1. Against the longest alpha carbon principal axis of the chain, how many degrees, from 0 to 90 and to the nearest 10, is the axis of helix 124-137 turned?
2. Roughly what would the spin-label model give for E103 and S147, points 7 Å off Cα along C-beta, in nm?
3. May I ask you to order 191-201, 118-128, 102-112 by the average number of other C-beta atoms within 10 Å around their residues, highest value first?
4. Using only the alpha carbon atoms of the range 15-148, find the Kirkwood hydrodynamic radius as the inverse mean reciprocal pair distance, in angstroms to one decimal.
5. Provide the packing ranking of 170-177, 59-66, 150-157, i.e. peptides ordered by the mean count of other C-beta atoms within 10 Å per residue, highest first.
6. Under the Kirkwood approximation applied to all pairs of distinct alpha-carbon atoms, what is the hydrodynamic radius of the chain in Å?
7. With only Lys, Arg, Asp and Glu charged, each at its Cβ (+1 for the first two, -1 for the last two), find how big the charge dipole of the chain is about the Cα centre; round to the nearest 20 debye.
8. Could you work out the helix-only [θ] at 222 nm for the chain, with each DSSP H run of four or more residues adding -39,500 (n - 2.57) and the total divided by the number of residues, to the nearest 500 deg cm²/dmol?
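Throughout, read-outs are computed from the coordinates displayed, never taken from laboratory work. What you see is a predicted model; the values in this text were computed from it and never measured. Quick reminder, even Gly has a Cβ in these numbers, built from the backbone with ideal geometry, and neighbours come from all protein chains shown.
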Amino acid sequence: MPGSDWSPIELTPGLPPERADVVIVGGGVVGWSIAYWLKMKARVRDGLRVLVVEKDPTYSQASTVLSCGGIRQQFSLKENIMLSLFSAHFMKNINNHLCVVNEDPVDLQFNHSGYLFLASEKSAHIMEENYRTQRYVGAKVALLSPSQLKERFPWMNTEGVALASLGLENEGWFDPWSLLNALRRKAVSMGVYQCFGEVTGFKCAANLAETTDGEVLNVQRIKYVNVRMPNSLEYQPVECAVVVNAAGANSGKIASMLGIGLGPKESVSGVPLPVEPRKRFVYVVHCPDGPGLDTPFLIDYSGVYCRREGLGGNYITGIFFQMKHFALTVHLFQVSNAWAGFYDYNTFDQNGIIGLHPLVPNMYFATGFSGHGLQQSPAVGLAVAELILDGGYKTIDLSALDLKRILLQEPILESNIV
């Protein structure tokens, strides 16, 4: 849970440096992953000056640490499958990547129970299509009939279930707080600067450009990022070459500071970044006679999810009163805790937005993952670092997630959104 054993006082939040090559707005797991991979690719400790700016020193409202910590490859889009496959392998070998000399090894408390998706008669054909895509890309999943499901999980109520899909490898859940701290600790050890403050604006150099349609565009290149210190009216301008908008649920607000979405409705500048905070509630329910170690991360065909939390008969769910696929009476479930967090919800197509904006040629976006940012963060961090330092993707081709699709009104839809 946020606020557990890590004190932000140890991070010497002070003023940011006056200059940085790359300023990352957002110190969540995506932001720190980008910082880590930038330094890994640069190889020289002081060869690339990277600054991460985070406005919440306690992380008490951070989407990263308020999530359920799941990772899966059961998606319909190959890009999402590849992102999560890469991240799963990264987490399996976490100490090969994120160990720090004279520090304790990283323990993500990874539970490998896998995801179990349930489909009705109406949605079974979609599950079969997704299964073929997942297997083609390399995910280890299996389809189960209702009888096979009941045999494997005797506690399951299979009424209304026509088909199920079970993740066999590289799926489960882990501690988000541990991943965030591990990335942060490693990046700082490599020379990444960090600052607790709020980005309040940008100073830009502007140029006019004309499109083939005759539209005149105001193209801005960021020169300075203004960072306001906590509990103060003062701000520190940071000169920079590149900015990364990894502000999660607040990334739309950051984009609007540059005029994105504020122009004429039918123009390029009139298209906003379609990312907004979307509140999601998480409940911890107690059921002493509930299923044990073999309990997967269960998602039924209505989108309701549930997973085991520890070994004390506790379960995490989004809608606690609809756990109908547990063959138990509802009154046995008692709510013992609850919290709420925010998705960086992409209202356009619920998929991540990665890449440059044509009106701000030195601002990269890594946002809008709609609940998948945590599990995909190791791969997203590498992808953004490749864009910045190599000029293109080298490991996973994420061109389909480019911001251009939003400007062209061409959504790419993911059918397995939870």
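1. The two axes meet at around 60 degrees.
2. Between E103 and S147, the simple spin-label model gives 5.4 nm.
3. Working: 191-201: 19.9, 118-128: 16.2, 102-112: 13.7.
The packing order, highest mean first, is 191-201, 118-128, 102-112.
4. Numbers: mean 1/r = 0.0550 Å⁻¹.
For the range 15-148, inverting the mean 1/r across all distinct Cα pairs yields 18.2 Å.
5. Values: 170-177: 22.9, 59-66: 21.0, 150-157: 15.6.
Descending packing order for the listed peptides: 170-177, 59-66, 150-157.
6. Details: mean 1/r = 0.0447 Å⁻¹.
After inverting the pairwise mean of 1/r, the radius is 22.4 Å.
7. Numbers: 34 positive and 39 negative charges, 63 e Å.
The calculation lands at about 300 debye.
8. Working: 9 runs with 97 residues, N = 418.
Computed mean residue ellipticity for the chain: -7000 deg cm²/dmol.
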